[in-house]
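First the structure, in the form of C-alpha cells, and then the observations on it.
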Amino acid sequence: MTVGRTAEDSAGPLDAGPVGGRWISALSLANLGVWVGWFGPLQLLLARQAQQLAPDHKASTLALVTGVGAAVSMVANPVFGALSDRTTASVGRRIPWVAAGVAGGAGGLLVLARASSVAVVIAGWCVVQLALNAAFAALTAAVPDQVPPRRRGLVGGWLGVAQVGGILVGTALATVAGGITAGYLACAAFSVLAALPYVVMRRDTRLSPAARPPFRWRAFLTGFWIDPRRYPDFGWAWLTRFLMNLSYSVSTMYLLYYLTDAVHYEDDADTGVLVLTALNALTLLATVVVGGVRSDRTGRRKVYVIGSGLVISAATLLLAVWQTWTGAIVASLVLGVGFGIYTSVDFALLTDVLPTAQDRGRDLGVINIANALPQVLAPVIAAPVVTHFGGYTALYALAGALALAGSVLVRRIRGVP
C-alpha cells in the first residue's frame with residue numbers, strides 16, 4: 001500500500017505512524033541485500049582479486065581498491081540522501097532510489113565479476129559503492145520517516161540483524177559459489193531479489209511538487225555542513241560512530257591475511273573467515289534485537305553504547321595477544337556480543353539527535369560518512385601498522401583503543417538519557 005501521509009505533513013519525528021511486522025521485515029530484507037552486495041566483496045572477493053592480480057602487493061592493492069571505493073561512498077551517501085529528501089515521485093521519496101540503487105549495485109558487481117585488471121576492479125567497486133549507497137541512504141531515512149521514537153530501538157535491532165546477516169550471507173556466497181566470478185554473480189542476484197518485497201510494498205512518504213523548495217546549488221552544498229557548535233549532540237554522535245566503525249573496519253578488513261600470516265591457519269583461509277563470521281553473527285544476533293528493545297523500554301541509550309565499546313575493546317585485545325585459531329574463535333564470539341548491542345542502540349540514538357525532520361535523508365547521510373570514512377582510513381592505517389609498526393598485535397591493540405575512545409565520548413551527548 002502507499003501511505004497517504006505526505007512529507008510536508010510530517011513536521012517532526014513524533015508524527016511517524018505505527019509500522020507492522022511486514023514492513024519491518026521487508027525493510028530488513030532490503031538492507032540485508034545491500035550489505036551482501038558490500039560484504040561479499042569486502043570479506044573475501046576483493047582480497048582474492050588483489051592476491052590474484054598483484055600477488056606481491058596484495059595488501060596495498062586491497063587498500064587502494066577499498067580506499068577509493070569508500071571515498072566514493074563517503075560522498076554518495078549524503079548526496080543521495082539529500083536528493084531523496086527532494087524527490088516528488090508518486091511512489092514516494094525513498095523507493096525510487098532503493099530500486100535504482102540496487103539495480104546499479106548489481107551492475108557494478110557484474111563489472112567486478114569480469115575484471116581482469118586492478119583499474120577495472122577499482123572502477124567496478126566505485127560503481128557498487130555509488131549505487132548501493134543511494135539505496136542505503138533511502139532505506140536508512142525511511143526509519144525516522146515511518147517509525148516513532150519509542151520503537152526505533154526495535155527496528156534498529158532488526159537492521160543490525162540485517163547488517164550481520166549480510167556479512168554472513170555475503171561471506172557464505174563468496175565462499176561456496178565456486179570462484180571469484182560466481183561469487184560476484186551470486187551477490188548481485190541476492191541483492192536484487194532481497195529488495196523486491198520492499199519496493200513492491202510501496203509504503204513511503206510522499207512530497208508534493210508544490211512543497212519542494214527551489215533548488216540552489218549553494219544552499220544544497222552548504223547544507224551538508226552541520227555545525228557541531230549549533231548541534232553538539234549530533235557532532236558527538238557522529239564522532240562516536242566514526243570511532244566505533246573505524247575500530248571495526250581495522251579489525252575485519254585484514255582478517256583473511258591475519259589468519260594466513262599471523263595465525264598460520266592450516267586449512268582453507270576462506271573457510272576460516274566464514275567460520276569466524278558465522279560465530280560473530282551467532283552472538284550478535286543473540287544480542288542485537290534484545291539490546292534495542294531494552295533501550296526502548298528504559299529510554300536509555302548511552303549506557304548500552306558504553307558497555308558495548310568495552311566489550312568490543314576486549315575482543316580486539318584478544319586478537320592482539322592470543323593469535324591462535326582458538327583465540328580467533330573466542331574473540332569473534334565476544335566481538336559479536338559487543339557489536340550487536342552497539343548496532344541496535346546506536347541507530348536509535350542517532351535518530352534521536354537529528355537536527356530537522358525535513359532533511360532526514362541528508363542528515364543521516366552525513367552520519368553515514370562515519371561508516372564510509374573508516375573504510376578509507378582503515379587500510380591507510382592498517383597497511384603501515386602491519387608492515388612496519390608492530391604487525392597484527394599493534395593493529396588490534398589500536399582497534400581496541402579506538403572502540404574505548406568511542407565508548408567514553410558518547411557520554412558527551414546531553415539530549416539522550
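The values are calculated or read from the model by the stated rules, or taken from the named source; none is laboratory data. As the structure is a computational prediction, the values presented were derived from the model and not from experiment. Cβ placement follows ideal geometry from the backbone for every residue including glycine, while neighbour counts extend to all protein chains displayed. Just so you know, the surface numbers come from the protein's heavy atoms only, side chains and all, with ligands and any DNA or RNA stripped out. Shrake-Rupley method; radii C 1.70, N 1.55, O 1.52, S 1.80 Å.
Ignoring ligands, DNA and RNA, how do Ile95, Ile306 rank by accessible area with a 1.4 Å probe, largest first?
Accessible-area ranking of Ile95, Ile306, largest first: Ile306, Ile95.
How many percent of all Cα-Cα pairs in region 119-254 sit more than 27 Å apart?
39
How much of the accessible area of region 138-232, probe 1.4 Å, is carbon plus sulfur, in whole percent?
It is 66 percent, rounded to a whole number.
Taking the solvent-accessible surface of protein heavy atoms with a 1.4 Å probe, what is the per residue accessible area of the chain in Å²?
Result: 38 Å² per residue.
For the chain, with the dipole built from +1 on Lys and Arg beta-carbon atoms and -1 on Asp and Glu ones, taken about the Cα centre, which of Phe80, Val353, Ala262 lies farthest toward the positive end?
The residue sitting farthest along the positive end of the dipole is Val353.
Which trypsin sites (Lys or Arg not before Pro) in region 89-122 pass both tests, a DSSP loop state and at most 16 other beta-carbon atoms within 10 Å?
Qualifying residues, ordered by number: Arg114.
Looking at the chain, which longest stretch skips every one of the chymotrypsin sites (Phe, Trp or Tyr not before Pro) that is in a DSSP loop with at most 12 other Cβ atoms within 10 Å, leaving the sites themselves out?
1-214
Once you treat every alpha carbon in region 264-367 as an equal point and sum by Debye, what is log10 I(q)/I(0) at q = 0.09, 0.13, 0.18 Å⁻¹?
-0.30, -0.57, -0.87
What FRET efficiency, computed as 1/(1 + (r/R0)^6) with R0 = 60 Å and r the Cβ-Cβ distance, is obtained for Asp56 and Ser208, rounded to the nearest 0.05?
Once the sixth-power term is evaluated, E becomes 0.55.
Would you mind counting up the charge near Ile306? Only other residues with Cβ under 12 Å from its Cβ, with Lys and Arg at +1 and Asp and Glu at -1.
+4
Determine the dipole magnitude for region 271-417: charges of +1 sit on the beta-carbon of Lys and Arg, -1 on that of Asp and Glu, nothing else is charged, the reference point is the Cα centre, and the result goes in debye to the nearest 20.
420
With a point put 7 Å past each Cα toward its Cβ, work out how far Thr88 is from Arg150 in nm, to one decimal.
3.6
Farthest toward the dipole's positive end in the chain, which of Leu196, Ile167, Ile122, given Cβ charges of +1 (Lys, Arg) and -1 (Asp, Glu) about the Cα centre?
In the chain, that residue is Leu196.
Report, to one decimal in Å, the Kirkwood hydrodynamic radius for region 328-417 based on all distinct Cα pairs.
Computed over Cα pairs of region 328-417, the Kirkwood hydrodynamic radius comes out at 15.5 Å.
How big is region 195-321 by the Kirkwood estimate over distinct Cα pairs, in Å?
19.4
Just need log10 I(q)/I(0) for region 80-155 at q = 0.11 Å⁻¹, Debye formula, equal scatterers on the alpha-carbon atoms, no solvent, rounded to two decimals.
-0.36
Give, rounded to the nearest 20 debye, the magnitude of the charge dipole that the chain has about its Cα centre when Lys and Arg contribute +1 at Cβ and Asp and Glu contribute -1 at Cβ.
Once rounded to the nearest 20, the dipole reads 1380 debye.
Can you tell me the relative contact order of the chain? Whole percent, Cα pairs under 8 Å, sequence separation 6 or more.
Once normalised by length, the contact order is 28 percent.
At 7 Å along the Cα-to-beta-carbon direction for both Val408 and Trp225, put a label point, then send me their distance in nm to one decimal.
My value for the distance between the label points is 3.0 nm.
Given labels modelled 7 Å from the Cα in the Cβ direction, how far is it in nm from Val290 to Asp261?
Using points 7 Å along Cα→Cβ, the separation is 3.7 nm.
Hey, what do the phi angles of region 73-80 turn into as Karplus ³J(HN,Hα) couplings, whole Hz, using 6.51/-1.76/1.60 and θ = phi - 60°, x for Gly and Pro?
Working through the residues one at a time gives 4, 4, 7, 5, 5, x, 5, 5 Hz.
Express in Å², to the nearest 10, the accessible area of His57 obtained by rolling a 1.4 Å probe over the protein heavy atoms while all chains stay in place.
So the heavy atoms of His57 present about 120 Å² to solvent.
Could you give me the ³J(HN,Hα) list for region 336-348, computed from phi with Karplus coefficients 6.51, -1.76, 1.60 and θ = phi - 60°, whole Hz, x at Gly and Pro?
3J(HN,Hα) across region 336-348, in whole Hz: x, 4, x, 6, x, 5, 4, 4, 6, 6, 4, 5, 4.
Select one label from [x] 0.93; [y] 0.97; [z] 1.04: the one whose number is Cα Rg over 2.2 N^0.38 Å as derived from the coordinates shown.
Of the listed options [x] 0.93; [y] 0.97; [z] 1.04, [x] comes from this structure.
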